[in-house]
1. Answer with yes or no whether residue 158 is under 26 Å from residue 253 (Cβ atoms), modelled with pLDDT of 95 or more, in contact with a Gly (Cβ under 9 Å, 6 or more places away or on another chain) and surrounded by 16 or more Cβ atoms within 10 Å (Cβ to Cβ).
2. Answer yes if at least one residue in the stretch 80-93 is at pLDDT below 90, surrounded by fewer than 16 Cβ atoms within 10 Å (Cβ to Cβ) and of a type in the set (Gly, Ala, Ser), and no otherwise.
3. Every residue in the stretch 162-175 that is surrounded by fewer than 23 Cβ atoms within 10 Å (Cβ to Cβ) and either closer than 21 Å to residue 232 by Cβ or not β-branched (Val, Ile, Thr) (or both), please.
4. I need the full set of residues from the stretch 24-43 which are over 18 Å from residue 102 (Cα atoms) and of a type outside the set (Asp, Glu), in order please.
5. Taking the stretch 80-120 on its own, how many of its residues are in a helix (DSSP H, G or I), charged (D, E, K, R), in contact with a helix residue (DSSP H, G or I) (Cβ under 9 Å, 6 or more places away or on another chain) and closer than 25 Å to residue 133 by Cβ?
6. Considering only the stretch 36-64, how many residues are under 21 Å from the mean Cα position of the chain (by Cα), loosely packed, with under 14 Cβ neighbours inside 10 Å and not in a helix (DSSP H, G or I)?
7. Take the conditions outside any strand (DSSP E or B) and farther than 18 Å from residue 291 by Cα and apply them to residue 5. Does it pass?
Amino acid sequence: MAGIGIKYLLGIDGGGTKTEFLLTDLNEKELSRVILGTSNPVNIGLENAKTVLRQGIEEVCRGIDHSQISVFAGLAGSSPSETKTEIHTFMREFGFGKCSNGTDADSALAVTLKGKDGVAVIMGTGIIAFCRSEGKIHRVGGRGYLIDKGTSGFRLGADALNTAFEYFDGRISDETIFRLVEKKLGKKLEACVSDIYAGGATFVASFAPIIFEAYNAGDKEAEKILDSASRETAKLINAANSYLKSNGKTIVCGGLSRQKDILMSAVSKYLNDGIKLEFSDEPMVAGAVLLAKSNIQGGE
C-alpha cells in the first residue's frame, strides 16, 4: 500500500510576503508551524527561495525522520516547468517519504473548492483567480505585482504610499493616509524613499492595511482607492466565472480575505448577476497539507 511508513504531513505555502510551514499528523492535527519570509523565486531568485525552504523545513521537522513525512510545497512564482522541476529535485534531497510540489494555486484550489468546480480567488501580495470546470483549470490574472491591478497587498500598499506623497506634495488636502503611513514608517515620509525601494514588493504590500484602517475611519481617499481596486477585482472574477460550465462557488482566500466585511460589498456590486462571493477563513497552507495527504494515496 502506498504511504506505508508515513506518519506526518507537511504543507508548505509560499506567497509573495511569507512562507508558511505546517507539520501535522495524518488526521491534520497541527504539530509544528513555522512562518518565514517570501519564497517566491520571481521576487528573490531561485537560490534564495531554496534557502528559505531549507530553513523552514529544518525548523518545522526538527527531530523527525523525513522518511516518515509526506510533503507538498505550493509556491507562488514556480509555475514555469523548469522552476517546478528544479524545486522538486531540491525537495527530494531531504529524503521525504512522499514529495510533490506545485504553485500556490494548487493549495488555494484544495482549501477552497475541495475538488469541486468553481472559482478560487487568491488575494495576497498579488491577485489571481482560478476556475476549475469539468476537469480543466483556467487562470485569470496573476502576472505579478508590476502588472496586475485589483485588490492585492502590493497594489493597495502602493496606493497608500502614493496618496501619502500626494498629501506631502500638496496635491491633495486629505491627510489621513499620510499620517498613518508616517506612523508605520516611524520617521518622516520624505526620508524613506530609498527604504521603500530597498524593501521591494513585500515592504510595499505591508502598507495595505492602512487603506482599510483609513476606510473604516471614513476617509474619502481610501474609499476611492478601494472602489477602483474592487472594480478591477470584479473584472477578474467575472472573467474567471465565464469559464464555468455549471454552477460553482466563488471563494476568496489569501491574506486580504480577512477584510471580508469590507470587500464583500465593495467587490460584489461590480460582479455579474448570479456571482456570489464567499470568503475562506482557512489558511492556504491547510490546502498544502491536504495535497500532502493525497500523496499517500498515489503521489510520488
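The values are calculated or read from the model by the stated rules, or taken from the named source; none is laboratory data. For clarity, every value in this text was computed on a predicted model and none was experimentally measured. Counting neighbours? That spans all protein chains shown, and the Cβs are built from the backbone with ideal geometry, glycine included.
1. no
2. Among the residues of the stretch 80-93, at least one is at pLDDT below 90, surrounded by fewer than 16 Cβ atoms within 10 Å (Cβ to Cβ) and of a type in the set (Gly, Ala, Ser), which makes the answer yes.
3. Start the filter on the stretch 162-175 by keeping residues that are surrounded by fewer than 23 Cβ atoms within 10 Å (Cβ to Cβ), which leaves 162, 165-175.
Across the stretch 162-175, the qualifying residues are 162, 165, 166, 167, 168, 169, 170, 171, 173, 174, 175.
4. In the first step, residues of the stretch 24-43 are kept if they are over 18 Å from residue 102 (Cα atoms); the result is 24-37.
If the condition is that a residue be over 18 Å from residue 102 (Cα atoms) and of a type outside the set (Asp, Glu), then 24, 26, 27, 29, 31, 32, 33, 34, 35, 36, 37 are the ones that fit.
5. First, pick out the residues of the stretch 80-120 that are in a helix (DSSP H, G or I): 81-92, 104-112.
Checking the rest, the ones that are also charged (D, E, K, R) come to 82, 84, 86, 92, 104, 106.
Filter again for in contact with a helix residue (DSSP H, G or I) (Cβ under 9 Å, 6 or more places away or on another chain), leaving 86, 104, 106.
Imposing the further condition that a residue be closer than 25 Å to residue 133 by Cβ reduces the set to 104, 106.
Residues meeting the conditions: 2.
6. 1
7. Numbers: outside any strand (DSSP E or B): yes; farther than 18 Å from residue 291 by Cα: no.
No.
The rows are residues; the columns are (1) of a type outside the set (Ser, Thr, Tyr); (2) under 29 Å from residue 213 (Cβ atoms); (3) buried (at least 24 other Cβ atoms within 10 Å of the Cβ); (4) more than 12 Å from the chain's Cα centre (by Cα).
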| residue | (1), (2), (3), (4) |
| --- | --- |
| 105 | yes, no, no, no |
| 110 | yes, no, yes, yes |
| 128 | yes, yes, yes, no |
| 132 | yes, no, no, yes |
| 135 | yes, no, no, yes |
| 143 | yes, yes, no, yes |
| 149 | yes, yes, no, yes |
